[in-house]
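**Student:** Dropping the structure in here first, questions after.
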Amino acid sequence: MRYGVAGSGTSAPFGVGEKMLEVCPGVYRHTDSAHVYLIRDAENAVLINIGDGSALDHLPPGIEQVRAVLLTHHHRDVAAGAARAAAHGIAVYAPEGECGSLQGAPRLLNHADARNNYDGRPRVWSVPQAIHARALRDYRTYHFGSLSVGVRPTPGVTPGAVSLLYQGPDFSAAFTGDLLFAPGQTARLTASQWSYNGGEGLAASVLSLLDLADQELTHVLPAHGDVMNAEALSVTAEALWPLLQLRRHNPRLLQLREQPYQELRPWLLMNRTSLANAYVLRSRSGRALMIDFGYDFCFGQAGSTEREARRPWLYTIPSLLRKYGVTGIDAVIPTHYHDDHVAGIGLLRETYGAQLWTAENITDVLARPEDYRLPCLWFEGMSSDRTLRLGESVAWQEFRITPHELTGHARYACALLVEGYGERVLFGGDQYSDADGLGLNYTYPNLFREDDYLRSAHLYTQLQPDLVLSGHAGPLVPSGAYLEALLARGAALQALHASLQPLVSRLLMRVEPIRAPSGSTITLTIENPTGKAFQGELRVQEANKTPACLRVDLSAKSAQTWDFCLTADEGTRVHFELRGQPGEPAQYTHASIGNEGPSA
């Protein structure tokens with residue numbers, strides 16, 4: 001008897017030892033550091049978690065091939081044996097957001113010893129060696145021969161944890177990892193603190209347990225503890241709730257779950273649960289169009305901005321379809337590219353068939369985020385299904401939608417004017433903040449220009465909206481006084497930036513793409529948003545070469561570009577320095593050589 005990847009031609013003998021326990025028809029369990037479940041398909045099998053790897057020595061008689069190991073999360077007690085499985089040619093799968101934690105296990109173990117560490121997650125539970133795993137994408141179903149296993153996001157023990165759903169001959173089971181240990185108990189409370197002193201994992205566990213309770217399951221199979229019936233899910237959620245209340249973390253959690261959307265108009269909904277406000281246009285036909293969709297039902301996040309800590313899901317979409325008369329989602333239009341406004345779009349497209357429509361100034365940064373040096377980029381690119389020209393209206397159902405350039409908070413951003421039912425509603429993304437809508441939410445790394453907010457004030461005044469909706473504040477009915485205040489504050493912001501720094505510091509310099517193979521061309525752009533002409537010098541420094549010097553002459557309100565063919569060693573950088581008048585500070589940027597990040 002042998003095990004290996006189906007059809008790969010590689011296999012190795014396994015041992016036969018202590019008999020596995022059959023806990024459901026065709027589902028067996030071996031226990032070492034955690035329960036390892038085997039789903040049988042004649043002489044083939046899939047393992048759910050792998051424990052310390054000893055399960056490979058105890059396979060039921062007649063099993064000729066282990067097609068895959070599916071992990072619910074990355075902790076050592078369920079995943080350490082994956083290295084052994086992979087060494088024998090068995091494909092290892094892990095939740096998409098956990099793959100980096102397995103591959104980067106040595107880094108996580110080092111992080112456990114870091115000084116000034118405010119990440120509350122127990123990094124000492126990471127696997128002892130790096131493991132390469134294939135990604136399990138949320139909401140997808142994976143097929144292994146005649147076996148089908150569904151992936152359900154169930155954050156709790158980790159931000160990226162999943163439960164794996166399996167439909168047996170007369171039962172429906174969820175392999176829940178460490179989401180719960182017994183009715184009314186979780187496996188470890190320690191893992192529920194993802195930040196220094198938060199209760200993120202508690203809130204996540206409650207939501208995950210209640211979501212699974214809605215899936216019409218008959219059996220719950222945990223990584224630790226006995227097999228349970230589905231009632232254990234709601235019982236455990238109820239048991240965790242008092243601790244969450246004592247922690248004072250997200251006290252409105254259950255209210256928001258019950259009513260995730262607020263009806264602003266009969267045709268306009270606001271997602272009350274998302275990290276950045278997401279909106280739904282609801283047509284008479286029942287079809288919907290969404291504006292922004294980042295982190296749905298955000299209950300708290302881990303103290304990191306890496307992929308493992310940033311996990312979108314579609315938690316409120318079933319409620320949108322069930323409670324609010326929505327029959328389907330046609331498209332989503334982001335106001336800008338920041339992750340809290342776009343992170344969930346990929347899942348929305350894959351799971352519900354929604355299209356991505358983008359204003360023309362946002363299309364490229366979403367499709368090729370790796371080419372840009374900007375904050376808050378999502379990790380994977382998204383190609384647009386439809387590009388909208390700025391200033392031109394498009395019809396969707398009974399609405400007209402017009403994108404307008406809106407720079408300030410982000411360079412690649414738009415305001416969306418929606419006209420319908422006799423109203424003009426302006427979706428401004430994160431341009432303005434605070435309850436009064438007057439906060440100037442500019443961010444320098446987003447390529448802010450000193451006149452951006454004066455221009456956006458003129459745009460708002462020109463469009464004369466009846467309602468303004470933003471990314472992180474409540475609805476605002478703009479008055480004439482409000483629009484006048486926007487103009488005054490925009491002019492003041494420009495004047496202060498002009499008076500508080502020398503001319504060269506008011507310019508912007510950027511390079512795109514920020515990384516390219518040797519022999520490729522990159523474009524350097526220098527912008528002068530000021531009302532004064534600029535004269536200076538651009539110095540280009542490649543490794544071990546004499547700097548090249550170029551004269552820069554920029555008239556007021558102008559920009560200039562240069563194309564450079566980079567020829568340097570892999571992993572090095574080419575540096576650009578912009579100098580103004582003698583004694584003034586310089587500006588710097590760089591491009592990296594190679595497809596991967598520079599080595600130094």
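**Student:** Could you do me a favour and compute the accessible area per residue for the chain, 1.4 Å probe, result in Å²?
**Tutor:** 40 Å²
**Student:** State, as an integer percentage, the relative contact order of the stretch 205-271 based on alpha-carbon contacts under 8 Å between residues 6 or more apart.
**Tutor:** Working: 48 pairs, mean separation 15.8, N = 67.
Reported relative contact order: 24 percent.
**Student:** Output the relative contact order of the chain, whole-number percent, from Cα pairs under 8 angstrom with separation of 6+ residues. Don't skip to the answer; put the middle values down first.
**Tutor:** Values: 1427 pairs, mean separation 38.7, N = 600.
Relative contact order here is 6 percent.
**Student:** Quick check for you: which residues of the stretch 171-188 have the amide N under 12 Å from the point 7 Å beyond the Cα of GLU238 toward its beta carbon?
**Tutor:** Only 184 fall inside the zone, counting backbone N under 12 Å.
**Student:** On to the next question. Can you grab the distance from the C-alpha centre of the stretch 382-428 to the C-alpha centre of the stretch 295-310, Å, no decimals?
**Tutor:** 28 Å
**Student:** A further question follows. Please work out how much length the chain gains when fully extended from ASP41 to HIS458, using 0.36 nm per residue of separation minus the C-alpha to C-alpha distance, in nm with one decimal. Before the final figure, lay out the partial values.
**Tutor:** Numbers: separation 417, 0.36 × 417 = 150.12 nm, distance 6.61 nm.
Difference between extended and current length: 143.5 nm.
**Student:** So how much accessible area does ILE63 have, in Å² to the nearest 10, using a 1.4 Å probe?
**Tutor:** The accessible area comes out at roughly 0 Å².
**Student:** Let me ask something additional. Can you give the helix-only mean residue ellipticity at 222 nm for the chain, where every DSSP H stretch with n ≥ 4 adds -39500 (n - 2.57) and the sum goes over all residues, rounded to the nearest 500 deg cm²/dmol?
**Tutor:** About -5500 deg cm²/dmol.
**Student:** If R0 is 56 Å, what FRET efficiency do you get for LEU487 and TYR196 from their C-beta distance, rounded to 0.05?
**Tutor:** Step by step, r from the Cβ atoms, then E = 0.85.
**Student:** Rounded to the nearest 0.05, what FRET efficiency is calculated for THR525 and GLN129 with R0 set to 41 Å and r the Cβ-Cβ distance?
**Tutor:** 0.40
**Student:** Pull out the extension gain between GLU258 and ASN229, defined as 0.36 nm times the separation in residues minus the alpha carbon to alpha carbon distance; nm, one decimal.
**Tutor:** Full extension from GLU258 to ASN229 adds 8.0 nm.
**Student:** Find how many whole Å separate the alpha carbon centroid of the stretch 429-487 from the alpha carbon centroid of the stretch 256-274.
**Tutor:** After rounding, the separation between the Cα centres reads 23 Å.
**Student:** Let me ask you something else. Leaving ligands, DNA and RNA out of it, work out the accessible area of ARG282 with a 1.4 Å probe and give it in Å² to the nearest 10.
**Tutor:** The value for ARG282 is about 40 Å².
**Student:** For TRP562 and ASN595, what does the FRET efficiency come to when R0 = 25 Å and r is the distance between their Cβ atoms, rounded to the nearest 0.05?
**Tutor:** After rounding, the FRET efficiency stands at 0.65.
**Student:** Please state the relative contact order of the stretch 21-247 as a whole percent: Cα pairs under 8 Å, 6+ residues apart?
**Tutor:** Computed over the stretch 21-247, the figure is 15 percent.
**Student:** Any chance you could check the Cα centroid distance between the stretch 57-112 and the stretch 117-159 for me, in angstrom?
**Tutor:** Using only Cα atoms to place each centre, the spacing works out to 9 Å.
**Student:** Further question: Points 7 angstrom from Cα along the Cβ direction at ARG188 and LEU500: gap in nanometres?
**Tutor:** Rounded to a tenth, the inter-label distance reads 4.7 nm.
**Student:** At 1.4 Å probe size, with the rest of the protein present, what percent of the exposed accessible area of the chain is carbon and sulfur atoms?
**Tutor:** In the chain, the share of accessible area belonging to carbon and sulfur is 49 percent.
**Student:** To continue, here is another question. What nm value, rounded to one decimal, do you get for the distance between ARG140 and LEU321 when each label is placed 7 Å out toward the C-beta?
**Tutor:** With each label placed 7 Å out from Cα toward Cβ, I get 1.9 nm.
**Student:** Ok, one more. Taking a probe of 1.4 angstrom, what is the accessible area of MET270 in Å², to the nearest 10?
**Tutor:** Solvent-accessible area, nearest 10 Å²: 20 Å².
**Student:** Would you kindly state how much longer the chain becomes between ARG579 and ASP436 on full extension, computed as 0.36 nm times their sequence separation minus their alpha carbon distance, in nm to one decimal?
**Tutor:** Length gained, ARG579 through ASP436: 47.4 nm.
The values are calculated or read from the model by the stated rules, or taken from the named source; none is laboratory data. Note that the structure is predicted; figures quoted are calculated from it, not measured. Don't worry about glycine lacking a Cβ; one is built from the backbone with ideal geometry, like all the others, and counts go over all protein chains shown. To get the accessible areas, we keep the full protein, side chains included, count just its heavy atoms, and leave off ligands, DNA and RNA. Shrake-Rupley method; radii C 1.70, N 1.55, O 1.52, S 1.80 Å.
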